[in-house]
Amino acid sequence: MPRSTRSWNRRSIPCAGGDGAEGQRALIPLGHYGDVVDVANTVAFLAGPGGRHVNGASITVDGGANA
């Protein structure tokens, strides 16, 4: 769900505070929008020693919205 992560190029979507922001936030089990740091931390994990045995996986960073 691309709308669950704030980034520099997503200013017109609900997580930027526009219409529907609260309704969109309610769909995220963690109760808050993600940030680019959340995605970066996932990439860093996968690129580091902790992710050395992860192969061919699709990892969704969305606060549980698609769980």
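One table, with the values for the structure above:
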{"item": "Where Pro2 falls short, out of the listed (1) loosely packed, with under 12 Cβ neighbours inside 10 Å; (2) at pLDDT 90 or above", "result": "(2)"}
{"item": "Neighbours by Cβ (under 9 Å, 6+ apart or cross-chain): first from segment 4-33, within 14 Å of Asn66 (Cβ to Cβ); second at pLDDT 75 or above and not in a loop (DSSP other than H, G, I, E, B)", "result": "Ser4/Gln24; Ser4/Arg25; Ser4/Gly34; Thr5/Gly34; Thr5/Val36; Thr5/Asp38; Thr5/Val39; Ile28/Gly34"}
{"item": "Qualifying positions in segment 38-67 - surrounded by 10 or more Cβ atoms within 10 Å (Cβ to Cβ) and assigned to a helix (DSSP H, G or I)", "result": "Asp38, Val39, Ala40, Asn41, Thr42, Val43, Ala44, Phe45, Leu46, Ala47, Gly50, Gly51"}
{"item": "Matching residues, segment 34-59, being of a type in the set (Val, Ile, Thr) and in contact (Cβ under 8 Å) with a residue 24 or more places away in the chain", "result": "Val36, Val39"}
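The values are calculated or read from the model by the stated rules, or taken from the named source; none is laboratory data. Keep in mind that this is a model prediction, so the values were computed, not measured. Here the Cβ is made from the backbone with ideal geometry for all residues, glycine too, and neighbour counts use every protein chain on show.
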